[in-house]
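Asker: Input: one structure, supplied below.
The values are calculated or read from the model by the stated rules, or taken from the named source; none is laboratory data. Just so it is clear, the model here is predicted, and its values are computed rather than measured. With ideal geometry, Cβ positions are generated from the backbone for all residues, glycine too; neighbour counts draw on all protein chains shown. All accessible areas refer to the heavy atoms of the entire protein, side chains included, with ligands and DNA or RNA removed. Shrake-Rupley method; radii C 1.70, N 1.55, O 1.52, S 1.80 Å.
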Amino acid sequence: MWCGRLACLLKVLSGSTRRRSPGLPRDGRTILAAAARWHHTAPESLKCAWQLHGDHLELKYANTLMRFDFVWLRDHCRSASCYNAKTNQRSLDTASVDLAIKPKAVRVDEATLFLTWPDGHVTRYGLEWLVKNSYEGQKQQVMHPRILWNAEIYRQAQVPSVDCRSFLETDEGLKEFLRNFLLYGIAFVENVTPTKEDTEILAERISLIRETIYGRMWYFTSDFSRGDTAYTKLALDRHTDTTYFQEPCGIQVFHCLKHEGTGGRTLLVDGFYAAEQVLRQAPDQFELLSKVPLKHEYVENVGDCHNHMIGVGPVLNVYPWNNELYLIRYNNYDRAVINTVPYDVVHRWYAAHRTLTAELRRPENELWVKLKPGKALFIDNWRVLHGREAFTGYRQLCGCYLTRDDVLNTARLLGLQA
């Protein structure tokens, strides 16, 4: 999992400290002028200790060493005058906080940190809250728990499809579907009436539908109605969609309404699994793919459709604090001219791209699925690449894109980590 790949530690500069003046009280409070030293809370078994520096507080708790800037500690105060608990919004004007602010006194009991500021205001933080919300705590966590898979791993997991009625009418069915989707990046709903209207109802159960240049709900046939290879009978190599959007669409829905012919199986590849192999085998190439920005472009002039879209970003997108991969932007069809990379980097980028492509094309990583009427497929377009084999005859699909934020919102409201 990505939690094992942590970003490089930032160097924390300790400020100067001053000696403690003789005669200052030792009643559990510590004046900032005291010499920097570790203070322990009682009972000792809690393993909580802290010390002040010139510009930050250092705190050891729950096997985590944390450092908090004084401005940060004042800015995140959860008192009634600083934070509206009803709306979960900050009331404090951050720009009004003195950048040189220092606490007048600090106290820590069994579960809470207390800071008294020069104006007499008292800020209280639960120690568990600080562990969860500190930089050091966040870098040890993953934002989105996942199970990375190749074809064999996915088949052995025997991930169940969810019945359409359960999906639409019960929270249990919806939660099971979303749990599968979040863990694997794909999920299926069975027994869906094979119409565009019923597919739309299905999609709206978990999200707003994202309207794009392709419309809101679309029919998909090999009629060359759009300037895209997808609107043919040709095979499509693995790719993610809308790489030419500044923010690629988060979720894609496919539902095969009719196919009178042969071929046309859908190919699915876990891009995060492939990227994990690159990270293990060639970490320098993984880093290059996560830092070099590229342009993807879509130019269309077919009938009444005139579009010119450009999206910019690296192939691999990671959270900088824990190196967790959250988006793969991979589409060799739509990658534009590489003019954002200097000559002394571009060859190394091609080598890294070749390594990732080789992983994505390994046969053991390919999950082939035959979509049939009544079986709807949801794909995490930020993670799972899709393609298809060539086909004959008449084949009609419908589908749409969903707004990622709304899908994750639905999952969180059902108690899932998303």
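Asker: Only one of these conditions is not met by Glu276: (1) in a loop (DSSP other than H, G, I, E, B); (2) under 22 Å from Glu366 (Cα atoms). Which number is it?
Answerer: All conditions pass for Glu276, except number (1).
Asker: Now, a different point. When segment 100-159 is examined, which residues are found to be over 22 Å from Arg37 (Cα atoms), in contact with a Cys (Cβ under 9 Å, 6 or more places away or on another chain) and open to solvent by 80 Å² or more (accessible area, probe 1.4 Å)?
Answerer: Across segment 100-159, the qualifying residue is only Gln140.
Asker: Determine the pairs where a residue that is without any contact (Cβ under 8 Å) to a residue 12 or more places away in the chain and not assigned by the TED database to the domain that holds Leu356, located within segment 281-302, has a partner that is part of a strand (DSSP E or B) and surrounded by 13 or more Cβ atoms within 10 Å (Cβ to Cβ) with Cβ atoms under 9 Å apart, the partner being 6 or more residues away or on another chain.
Answerer: none
Asker: Go through (1) under 21 Å from Arg348 (Cβ atoms); (2) polar (S, T, N, Q); (3) in contact with an Asp or Glu (Cβ under 6 Å, 6 or more places away or on another chain) for Asn307 and report which single condition fails.
Answerer: Every condition holds for Asn307 apart from (1).
Asker: Quick one: is Ser166 outside the structural domain of Leu73 (by the TED database), over 21 Å from the mean Cα position of the chain (by Cα), surrounded by fewer than 18 Cβ atoms within 10 Å (Cβ to Cβ) and in contact (Cβ under 8 Å) with a residue 24 or more places away in the chain?
Answerer: Details: outside the structural domain of Leu73 (by the TED database): yes; over 21 Å from the mean Cα position of the chain (by Cα): yes; surrounded by fewer than 18 Cβ atoms within 10 Å (Cβ to Cβ): yes; in contact (Cβ under 8 Å) with a residue 24 or more places away in the chain: no.
When the stated conditions are applied, Ser166 does not pass them.
Asker: Quick check on my filter: what residues within segment 320-368 are touching a Leu at 6+ places or on another chain (Cβ under 7 Å) and aromatic (Phe, Trp, Tyr)?
Answerer: Scanning segment 320-368 gives Tyr330, Trp349, Trp368.
Asker: Quick check on my filter: what residues within segment 337-379 are in contact with a helix residue (DSSP H, G or I) (Cβ under 7 Å, 6 or more places away or on another chain), among the charged types (D, E, K, R) and under 30 Å from Asn191 (Cβ atoms)?
Answerer: Answer for segment 337-379, where residues must be in contact with a helix residue (DSSP H, G or I) (Cβ under 7 Å, 6 or more places away or on another chain), among the charged types (D, E, K, R) and under 30 Å from Asn191 (Cβ atoms): just Glu366.
Asker: Can we say Val278 is modelled with pLDDT of 95 or more and in the same structural domain as Trp382 (by the TED database)?
Answerer: Working: modelled with pLDDT of 95 or more: yes; in the same structural domain as Trp382 (by the TED database): yes.
Considered against the rule, which asks whether it is modelled with pLDDT of 95 or more and in the same structural domain as Trp382 (by the TED database), Val278 comes out as yes.
Asker: Hey, Glu324 hits all of (1) farther than 26 Å from Asp380 by Cβ; (2) at pLDDT 95 or above; (3) not hydrophobic (A, V, I, L, M, F, W, C) but one; which does it fall short on?
Answerer: (1)
Asker: While we're on this one: Within segment 356-408, take every residue that is part of a helix (DSSP H, G or I) and closer than 20 Å to Glu324 by Cβ and give me the one that is most open to solvent (accessible area, probe 1.4 Å). Don't jump to the end; show me each part of the working.
Answerer: Going residue by residue through segment 356-408, those that are part of a helix (DSSP H, G or I) are 356-360, 363-365, 404-408.
Checking the rest, the ones that are also closer than 20 Å to Glu324 by Cβ come to 356, 359-360, 404-405, 407-408.
Values: Leu356: 0, Glu359: 8, Leu360: 1, Arg404: 35, Asp405: 117, Val407: 2, Leu408: 19 Å².
This residue is Asp405.
Asker: Also: Go over the candidates Leu183, Leu202 one by one and state the one that is out of contact with any Ser or Thr (no Cβ under 6 Å at 6 or more places or on another chain) and under 22 Å from Gly271 (Cβ atoms).
Answerer: Numbers: Leu202 fails: under 22 Å from Gly271 (Cβ atoms).
The match here is Leu183.
Asker: Out of the residues in segment 231-261 meeting the condition of being in a strand (DSSP E or B) and open to solvent by less than 10 Å² (accessible area, probe 1.4 Å), tell me which one is farthest from Thr392 (Cα to Cα).
Answerer: Initial filter on segment 231-261 (in a strand (DSSP E or B)): 236-239, 251-260.
With the extra rule that they be open to solvent by less than 10 Å² (accessible area, probe 1.4 Å), the set shrinks to 251-253, 255-256.
Numbers: Ile251: 27, Gln252: 24, Val253: 22, His255: 18, Cys256: 15 Å.
This residue is Ile251.
Asker: Within the set of pairs 6+ apart or on separate chains, which have a first residue in segment 38-67 that is in a loop (DSSP other than H, G, I, E, B), a second that is aliphatic (A, V, I, L, M) and modelled with pLDDT under 85, and C-beta atoms under 6 Å apart?
Answerer: His53/Ala36
Asker: Here's something else I'd like to know. Looking only at segment 303-340, how many residues end up being of a type outside the set (Asp, Glu), in contact (Cβ under 8 Å) with a residue 40 or more places away in the chain and part of a loop (DSSP other than H, G, I, E, B)?
Answerer: 17
Asker: Just checking, does segment 343-350 include any residue being at pLDDT 95 or above and within 21 Å of the chain's Cα centre (by Cα)?
Answerer: no
Asker: For Glu300, indicate whether it is open to solvent by 10 Å² or more (accessible area, probe 1.4 Å) and not in a loop (DSSP other than H, G, I, E, B). Walk me through how you get there before you give the answer.
Answerer: On the way: open to solvent by 10 Å² or more (accessible area, probe 1.4 Å): no; not in a loop (DSSP other than H, G, I, E, B): yes.
Criteria not met by Glu300.
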